[in-house]
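Below is one structure, written out as structure tokens; the observations come after it.
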Amino acid sequence: MKISGVVTLRAPGGRVWTGLTDPAVLLATIPGCERLEPAGPGSCRFAARAKIASIEGSYTGEVSVSQQHEPSSFVLTVNGAGAPGAVSASVQVRLAETAGGSTELSYDADAVIGGLIAGVGRRVLCSAARRIADDFVSSVDDVLAGSAIAGNAIAGTGMVSPPPAERAAEPPAEPEAALVPATPVPAAIAVPAAVSVAAAAPSIAVPVPAAVSSIAAPVADIQVPAAFARGVLVGAASALAGVALAGLIERRAR
Amino acid sequence: MSSLFGARVQRVEDDRLVRGHGAYLDDLGPDSLAAAFVRSPHAHARITDIDVSGALDVPGLVAIYTYEDLPARLAEPLPLLIPHPALTHGRTPYPLANGEVNHVGEAIAMVVAADRYLAEDAADLIDVSYEPLPAVVGLDAARAAVHLVHEDVPGNRAANEVQEHGDTAAAIAAARHVLELDLEIERSASTPLEGRGVLARWDEQSQHLVMWTSTQTSTGVRAAVAAKLGLDLTQVDVITPDVGGGFGVKIVHPWPEEVLVPWAARLLGRPVKFTEDRREHFIASAHERGQQHHVSVGYDDEGRILGLDVRFWHDNGAYVPYGLIVPIVTSTQLLGPYKPAAYRVEFDSLYTNTVLVTPYRGAGRPQGCFVMERTMDAIAAALGLDRTAVRERNFIQPAEMPYDHGLIFQDGRPLIYDSGDYPALLTKIKDLVGWDKFAPLKEAASAEGRRIGIGLACYVEGTGVGPYEGGHVVVETSGKVKVATGLTSQGQGHQTMLAQLVADELGVPIADVEVVTGDTRRFGYAVGTFASRTAVMSGSAVTLAARKAKEKALRVAADAMEVAAADLEITGGMVQVKGDPDSGISLGTVAVLSNPLRYAFDDAAKAATQFAGGGDMSKPPVAPDDEPGIEGRAYFSPVRSTFASGIHAAIVETDPDTAEITILRYCVVHDCGLLINPQIVEGQIHGGVAQGVGGALYERMAYDEEGQLVNASFMDFLMPYVSEVPREVEIDHLETPSPLNPLGIKGAGEAGVIPGAAALAAAIEDAEGIPVRSMPISPSELFELRRAHGQETR
């Protein structure tokens, strides 16, 4: 099944690209994300919770990024599974500057769903996925627009990330320490101040901090920081945990 | 023990049901998820979007399904159950609408949730966008075909059929007298006390589906569900629980809910239940009866019909899953007890954007009877002859039986009346109602300023329709007799009637006989309950099965008692030498003896174990052509239907000012062959008469021109109360045995309703002196008729 959407974010494209690469942002905005850690070149392992209709549960899996064309597009591949079911999806993400200095983010997802979650009906899955995706992107929009990260509860974690002002004030050596729940995120995900949320990122071409690029053992041609890949893909993964299926429901119903 | 055949045995079902120990569909499956449906509010529309986002937050929501979720077999239209060569443009619905809806009430989405309240909450929050299309409502609009219900059905015509014997046009042309009449009957609906319901439970481990559904055919539903879900027949069992009335609407299968609910149960791994509410029954089940007729009849000076030409238009609603049964029954049963020299009938079955039409008690006969009987009365009026005299002259005489009309009946077989004595019926009804003594009563009433009138109507009903039914009888070692037949019960007293037959045949007390109907686990080959067929079909089958069991019992007993089987009889559950009660052994003991055991499970069983003694050591314990146990299984399949008949007469009073119609007397003479249980037959007649009164005076489906059913509740759809039905229905019986089954019986289920509208119309016409050509007729309509005929109101 395919779902797609277009959302306009207030921040310009470069800041969006940057924001999407900032794990602090991502952990504050991805609905239901509980954990993420590097798993190899261009990929991450994630753990997230999602609720579709009355089926609530945890999913774990892997996401990876490919076909990147900074700053305008990339493809995510997600594979996740949990008690409620399994998700396998491929998402094309595009960023485009608009005339007013905003950014238009469009996503096209193609997903296959199996397990219990496949039984809720295509429209429920579609609708739920779209809602999660929209929640995520609008949270990112809020954060980038300067709204406090405080008050942005992390779905499923019960934790609230501190406001951006605090984060800009201190060297964010371990910014995620305040954000990350019980399961610690490896320090490798620490992001240098250069990619802090509060900083304006006038250009799209954000230099990849060496510290970050060394963390995730990025694929040589990846321009996007591994953290970006991880973060965005984790967000998409939890978003797509509810993405509607194509033929799997039919096949399962035999 | 005297025979139970013909006895007024108290119904065995009633104690349990009256005490509230019935188990109807909604009593079952308390742990199941609940299904509710989003249904079309438009009579004809394209669906442009279905937005479920508003429903996502309803607690306990489990799933929402639309057409796109359906697997291949379910994504096809539902089966067209009864194909017919004349049905050239048959259309059936999809289980969930596929982009287009064709009547108010058509299912668009199925919601499954923790309970029905939550499911309905979710359904209410689903936002469907429509592009309304022009709706075709009523026969006039369907015939004009300015708009089409289905784009690929020209003229809205699903079918056109002609049947004829003789040269009718020539006969009418040559006749001395010719009359033309237009007659119309409105839609009504079965309206059982209990609506439809389905419960399904899928067991993943055994890969087995069990369904309960309030249906008239368990085997029909099982076959359809197995086909639609891609399961083997043995993977599916269907059980009909206690059913609160069917009257025809529950013979249709599979309803969309009957395939969607088991599909969801399997998909979700949880039991799922659906029970419809009253509004749903009005807009999402089935209606019946709307027809327009044009009659052209040529007759002689005595009122004998030389040529009868009937052209009619049948409103079949948006779809025709049940094929053309209703108009075919009208076509053939319109003839009643008469033998017109030439007869031609032609009908168009037309689509409208309204609920689909399937048989309702009578199944097309009430319309046919109305047409024929009004025509007879019109002939009598034209010639100034007594209405019974004209009928008498047209009767098929007993000596002419079997009588072949040269037409094909609804069972696909020739329309041949096997037996009946119509002149005798007429004599009885005239006696019962006092036909010849009415004139002075009418004058006396008139002198008091009252208007009373008398009318009568005759009918013939093809009953015991095939192809077959089966029965199984087994005697347990306790002496209890267990009977099973595959068709279903909706409150007719089958368990009593069938127990009477088996108890009689086997010679056991009726209290020891237990009958199960409509459970595929107990009996897998069956057709269903409709067309007044249970007594004829299942009655004959269980009788034959009981005979087999009895034969076996006598043989085993004869062996054990060392006497000839011919010298034995079974009475009161004891097998004894004829006339010698002390010699008897119980039937239960015989059952023990019939099953050679290695292991004794109780004291009685010891007698059958290998060291118990006796037995011929040179022969095997079970002979090569034999089986253990006392059982019989038999099927009954008649060569054609058997024809019941009857006449109703009514005396009504109409109020000169308010036009209110009161039934003063209602008389029934009926012939359903031999009677198994006269009390049950009378109950059937009473119920049928009540429905006949409803159809004559109250019931109609009021559709507006947009296809909205404006009276879809009991506030506005009028059904007769006890106060509207005659307090006493006077009944007399005639019994002309049927030669087509071993019991000599005919069906009795529908007889009560068939001539109701015709008899009451005739009585009202007699009281008013105004022709009554359409039914139902309410006081307002009678008032208007009076005005139209220039009568003054006082």
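Results, tabulated for the structure shown:
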read-out	value
Qualifying residue in the range B:313-326 (condition: closer than 23 Å to B:ALA170 by Cα, surrounded by 24 or more Cβ atoms within 10 Å (Cβ to Cβ) and not assigned by TED's automatic domain parsing to the domain that holds B:ARG196)	no
Pairs where the first residue, in the range B:268-286, is closer than 25 Å to B:GLY707 by Cβ and the second is of a type in the set (D, E, K, R) and assigned to a helix (DSSP H, G or I), C-beta under 7 Å, 6+ apart	B:PHE274/B:GLU257
Failed item in (1) of a type outside the set (S, T, N, Q); (2) open to solvent by 20 Å² or more (accessible area, probe 1.4 Å); (3) closer than 28 Å to B:GLY584 by Cβ, with B:ALA439 passing the rest	(3)
Residue in the range B:665-682 that is most open to solvent (accessible area, probe 1.4 Å), counting only those that are farther than 26 Å from B:ILE764 by Cα and assigned to a helix (DSSP H, G or I)	B:GLN679
B:ARG11 vs. criteria open to solvent by 60 Å² or more (accessible area, probe 1.4 Å) and in contact (Cβ under 8 Å) with a residue 12 or more places away in the chain	yes
Filter result for B:ALA170 (farther than 30 Å from B:GLY244 by Cβ and not in a strand (DSSP E or B))	yes
Pick from the range B:248-288, criterion small (Gly, Ala, Ser) and either within 14 Å of another protein chain (Cβ to nearest Cβ) or assigned to a helix (DSSP H, G or I) (or both), ranking: surrounded by the fewest Cβ atoms within 10 Å (Cβ to Cβ)	B:GLY269
Residue selected from the range B:95-120 under the condition more than 16 Å from B:GLU151 (Cα to Cα) and in contact with a Pro (Cβ under 8 Å, 6 or more places away or on another chain), by the criterion most open to solvent (accessible area, probe 1.4 Å)	B:ALA114
Qualifying residue in the range B:218-236 (condition: part of a loop (DSSP other than H, G, I, E, B), open to solvent by less than 10 Å² (accessible area, probe 1.4 Å) and assigned by TED's automatic domain parsing to the domain that holds B:PRO95)	no
Selected residue (criterion: nearest to the chain's Cα centre (by Cα)) from residues of the range B:478-488 that are crowded, with 23+ Cβ neighbours inside 10 Å and not aliphatic (A, V, I, L, M)	B:THR488
Of all residues in the range B:29-67 being facing another protein chain (nearest Cβ under 7 Å) and touching a Lys or Arg at 6+ places or on another chain (Cβ under 9 Å), the one that is surrounded by the fewest Cβ atoms within 10 Å (Cβ to Cβ)	B:SER53
Selection from the range A:75-85 of residues that are within 16 Å of the chain's Cα centre (by Cα) and open to solvent by less than 20 Å² (accessible area, probe 1.4 Å)	A:VAL75, A:LEU76, A:VAL78, A:GLY80
From the options B:VAL669, B:VAL710, B:VAL693, residue that is within 18 Å of the chain's Cα centre (by Cα) and aliphatic (A, V, I, L, M)	B:VAL693
The one condition in (1) closer than 27 Å to B:GLU569 by Cα; (2) open to solvent by less than 20 Å² (accessible area, probe 1.4 Å); (3) among the aliphatic types (A, V, I, L, M) that B:ALA531 fails to fulfil	(1)
Whichever residue in the range B:742-780 is part of a helix (DSSP H, G or I), open to solvent by 10 Å² or more (accessible area, probe 1.4 Å) and not hydroxyl-bearing (Ser, Thr, Tyr) and, among such residues, is farthest from B:ALA457 (Cα to Cα)	B:PRO779
Which listed residue is modelled with pLDDT under 95 and more than 14 Å from chain A (Cβ to nearest Cβ), from B:VAL101, B:VAL18	B:VAL18
Subset of the range B:68-84 that is open to solvent by 50 Å² or more (accessible area, probe 1.4 Å) and within 9 Å of chain A (Cβ to nearest Cβ) - its residue that is farthest from B:ALA223 (Cα to Cα)	B:GLU68
Pairs with Cβ under 8 Å, 6+ apart, first in the range B:647-660 and farther than 15 Å from B:LYS437 by Cα, second assigned to a loop (DSSP other than H, G, I, E, B) and open to solvent by less than 10 Å² (accessible area, probe 1.4 Å)	B:ILE647/B:PRO755; B:HIS648/B:PRO755
Unique residue being more than 14 Å from chain B (Cβ to nearest Cβ), surrounded by fewer than 20 Cβ atoms within 10 Å (Cβ to Cβ) and farther than 26 Å from B:LEU56 by Cα when the list is A:SER88, A:SER72, A:SER4	A:SER72
Whichever residue in the range A:42-56 is closer than 15 Å to A:THR77 by Cα and either acidic (Asp, Glu) or buried (at least 19 other Cβ atoms within 10 Å of the Cβ) (or both) and, among such residues, is farthest from the other protein chains (Cβ to nearest Cβ)	A:GLY42
Selected residue (only one of B:ALA389, B:ALA378, B:ALA399, B:ALA382 is in a helix (DSSP H, G or I), free of Cβ contacts under 8 Å to residues at least 24 places away in the same chain, of a type in the set (A, V, I, L, M, F, W, C) and open to solvent by 10 Å² or more (accessible area, probe 1.4 Å))	B:ALA399
Considering residues of the range B:603-614 that are open to solvent by 70 Å² or more (accessible area, probe 1.4 Å) and either not assigned by TED's automatic domain parsing to the domain that holds B:THR477 or not in a helix (DSSP H, G or I) (or both) only, the residue nearest to B:THR589 (Cα to Cα)	B:ASP603
Any hit, the range B:402-411, residues being modelled with pLDDT under 95, open to solvent by 10 Å² or more (accessible area, probe 1.4 Å) and under 30 Å from B:VAL693 (Cβ atoms)	yes
Candidate set: the range A:91-129, residues that are hydrophobic (A, V, I, L, M, F, W, C) and open to solvent by 50 Å² or more (accessible area, probe 1.4 Å); chosen: the one nearest to the chain's Cα centre (by Cα)	A:VAL112
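The values are calculated or read from the model by the stated rules, or taken from the named source; none is laboratory data. What you are looking at is a predicted structure, and each value in this text was computed from that prediction instead of being measured. With ideal geometry, Cβ positions are generated from the backbone for all residues, glycine too; neighbour counts draw on all protein chains shown. Ligands, DNA and RNA are stripped out before the accessible areas are found, and what is left, the full protein with its side chains, is counted by its heavy atoms. Shrake-Rupley method; radii C 1.70, N 1.55, O 1.52, S 1.80 Å.
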